[in-house]
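Scroll down for the structure; my scribbles are underneath it.
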Amino acid sequence: MSTMNKQMTLAVRPVGFPKESDFKLVESPIPTPGPGEFLVRVLYLSVDPYMRPLIGEGRSYRAAVEIGDVITGGGVGEVTQSNHPGFAVSEIVEGYFGWQQYAISDGSGVRKVDPNLAPISTALGVLGMPGLTAYFGLLDIGQPQAGESVVVSGAAGAVGSLVGQIAKIKGCHVVGIAGTDEKVRYLTEECGFDKAFNYKTTRNYYRKLKELCPNGIDVYFDNVGGAITDAVFRLINVRARIVVCGQISQYNLERPEMEPRWLWALIVKQARAEGFLVFQFAERYPEGLAQMAQWLKEGKLKYRETITEGIENAPRAFIGMLKGENIGKQLVKVADR
Ligand SMILES: NC(=O)c1ccc[n+]([C@@H]2O[C@H](COP(=O)([O-])OP(=O)(O)OC[C@H]3O[C@@H](n4cnc5c(N)ncnc54)[C@H](OP(=O)(O)O)[C@@H]3O)[C@@H](O)[C@H]2O)c1
């Protein structure tokens with residue numbers, strides 16, 4: 001067994017779209033846990049859009065990754081050494097271990113994963129942060145009612161594909177927006193969305209949405225921002241709820257798009273647009289995870305994973321996700337269990 005720990009670090013702060021050369025793989029000895037600590041052998045890394053603002057010049061809600069730092073990121077792994085009374089060797093854990101093969105933890109922010117509930121990789125997807133984002137964002141901020149029209153952008157990704165399915169469970173008319181015909185088929189044929197369209201081959205988003213939501217839009221779950229969101233604003237109903245979850249169309253721009261400005265629609269329609277961070281619901285995670293696990297068990301939720309092999313390919317997986325190459329949750333498999 002190797003005694004070295006491969007770590008993916010930040011080499012250069014990306015400007016515009018990230019490149020593989022912005023990252024650098026380094027090796028250091030596998031660390032030894034001190035008192036009250038344990039060692040995690042990472043099995044899967046999570047690849048998430050929030051990492052883009054974190055490695056860039058802009059401001060994010062987490063501390064920026066500095067040049068030379070291990071890339072911040074979630075992961076699932078196995079405890080291989082422990083001096084911590086709460087974590088035993090061979091337990092499966094999920095936490096922010098960073099993009100590396102081995103991580104030391106004192107247990108802060110780490111949760112145990114039941115490997116008998118579902119494949120352990122789901123702790124980074126449907127039964128993890130993206131699932132909780134979909135659950136609380138849609139139900140608490142969006143408050144969908146049966147019969148209402150719900151539009152989801154970024155619909156075939158980790159969060160979006162779950163948002164649409166939860167909205168279907170709640171009896172809504174659901175329309176998804178995604179970037180390939182394969183994704184559109186996934187949404188309508190596997191995830192049960194009523195309608196979906198490919199924004200890359202649709203010229204007029206407003207006209208398309210008007211056709212697919214003839215009664216207007218009551219809830220918009222926004223993962224992308226930009227021109228898609230501009231089109232939605234023109235179609236919202238009275239008392240609509242706009243859930244501002246992500247703005248991925250803006251993350252790689254050197255300057256944010258400034259126009260058009262449709263906020264007047266909030267006045268005329270007495271509507272609400274509200275941003276949120278999944279972490280604000282941390283106290284209620286057990287509720288969200290229990291409900292998502294229940295729906296999964298009942299076959300009411302489907303999920304997909306796009307898995308890239310090898311920590312050395314994590315930057316490629318990240319860039320691929322930003323380009324839309326993933327369906328469902330993008331992961332990197334680091335090691336076999
Ligand atoms: N508020 C929170 O607490 C919270 C938590 C988690 C995630 N988020 C946000 O939720 C969104 C989805 O996250 P995720 O983890 O589920 O990622 P994801 O949807 O699995 O992956 C990102 C997807 O974004 C789409 N995309 C990329 N560039 C785009 C563009 N210019 N315009 C439209 N779509 C574009 C791509 O799909 P296409 O092929 O469809 O383009 C890509 O597959 C992100 O904006 C993320 O920042 C927020």
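Restricting the stretch 287-301 to residues that are in contact (Cβ under 8 Å) with a residue 40 or more places away in the chain and assigned to a helix (DSSP H, G or I), which is surrounded by the most Cβ atoms within 10 Å (Cβ to Cβ)? Write out each step before concluding.
Residues of the stretch 287-301 in contact (Cβ under 8 Å) with a residue 40 or more places away in the chain: 288-289, 291-293, 295-296, 300-301.
Those still in the list that are assigned to a helix (DSSP H, G or I) too: 288-289, 291-293, 295-296.
On the way: Gly288: 20, Leu289: 19, Gln291: 16, Met292: 25, Ala293: 18, Trp295: 18, Leu296: 18.
For the stretch 287-301, the residue satisfying everything is Met292.
Within the stretch 236-263, the set of residues being closer than 18 Å to Leu209 by Cβ, away from the ligand (no atom under 15 Å from the Cβ) and surrounded by fewer than 21 Cβ atoms within 10 Å (Cβ to Cβ) comprises Asn237, Val238, Pro260, Trp262.
Within the group Met321, Met292, which residue is in contact with a Phe, Trp or Tyr (Cβ under 7 Å, 6 or more places away or on another chain) and on the phi < 0 side of the Ramachandran plot? Give the derivation first.
On the way: Met321 fails: in contact with a Phe, Trp or Tyr (Cβ under 7 Å, 6 or more places away or on another chain).
Only one candidate passes the filter, namely Met292.
Restricting the stretch 264-286 to residues that are assigned to a strand (DSSP E or B) and within 15 Å of the ligand (Cβ to nearest atom) leaves a set whose member that is most open to solvent (accessible area, probe 1.4 Å) is Glu274. Number of residues in the stretch 258-300 that are modelled with pLDDT under 95 and over 22 Å from Val219 (Cβ atoms) equals 2. Taken across the stretch 302-313, residues that are buried (at least 18 other Cβ atoms within 10 Å of the Cβ) and either more than 18 Å from the chain's Cα centre (by Cα) or modelled with pLDDT under 95 (or both) do occur, with at least one present. Scanning the stretch 214-235 for residues that are more than 14 Å from Gly275 (Cα to Cα), of a type in the set (A, V, I, L, M) and either within 16 Å of the ligand (Cβ to nearest atom) or at pLDDT below 95 (or both) returns Ala227, Ile228, Ala231, Val232.
Name the residues in the stretch 204-227 that are surrounded by 21 or more Cβ atoms within 10 Å (Cβ to Cβ) and among the aliphatic types (A, V, I, L, M), would you? Passing the criteria: Leu209, Ile217, Val219, Val224.
Please go through the stretch 250-262 and pick out each residue that is more than 23 Å from the chain's Cα centre (by Cα) and in contact (Cβ under 8 Å) with a residue 24 or more places away in the chain. Correct list: Pro260, Trp262.
Set side by side, the residues Gly299, Gly328, Gly310 differ, and just one is more than 11 Å from the ligand (Cβ to nearest atom) and under 26 Å from Asp140 (Cβ atoms), which is Gly299. The residue pairs whose first member lies in the stretch 307-333 and is farther than 18 Å from Ile55 by Cα, whose second member is basic (Lys, Arg) and more than 11 Å from the ligand (Cβ to nearest atom), and whose beta carbons are closer than 7 Å, counting only pairs six or more residues apart or on different chains, are Ile307/Lys333; Thr308/Arg316; Glu309/Lys333.
Looking only at the stretch 145-156, decide whether some residue is closer than 20 Å to Val79 by Cα and over 15 Å from the mean Cα position of the chain (by Cα). Checking the stretch 145-156: not a single residue is closer than 20 Å to Val79 by Cα and over 15 Å from the mean Cα position of the chain (by Cα).
If a residue must be assigned to a strand (DSSP E or B) and either within 12 Å of the ligand (Cβ to nearest atom) or open to solvent by 30 Å² or more (accessible area, probe 1.4 Å) (or both), how many such residues does the stretch 136-175 contain? Steps first, answer last, please.
As a first pass, look at the stretch 136-175 and keep what is assigned to a strand (DSSP E or B): 149-153, 157, 173-175.
Filter once more, keeping what is either within 12 Å of the ligand (Cβ to nearest atom) or open to solvent by 30 Å² or more (accessible area, probe 1.4 Å) (or both): 152-153, 157, 173.
Total satisfying the criteria: 4.
When Glu325 is tested against (1) open to solvent by less than 70 Å² (accessible area, probe 1.4 Å); (2) not in a helix (DSSP H, G or I), just one condition goes unmet, and that condition is (1). Restricting attention to the stretch 228-249, does a residue exist that is within 16 Å of the chain's Cα centre (by Cα), of a type in the set (Gly, Ala, Ser) and part of a helix (DSSP H, G or I)? So far as the stretch 228-249 goes, yes, one or more of its residues are within 16 Å of the chain's Cα centre (by Cα), of a type in the set (Gly, Ala, Ser) and part of a helix (DSSP H, G or I).
The values are calculated or read from the model by the stated rules, or taken from the named source; none is laboratory data. Values in this document were obtained by computation on a predicted structure and should not be read as measured data. Note: ideal-geometry Cβ built from the backbone for every residue, glycine included; neighbour counts use all protein chains shown. To get the accessible areas, we keep the full protein, side chains included, count just its heavy atoms, and leave off ligands, DNA and RNA. Shrake-Rupley method; radii C 1.70, N 1.55, O 1.52, S 1.80 Å.
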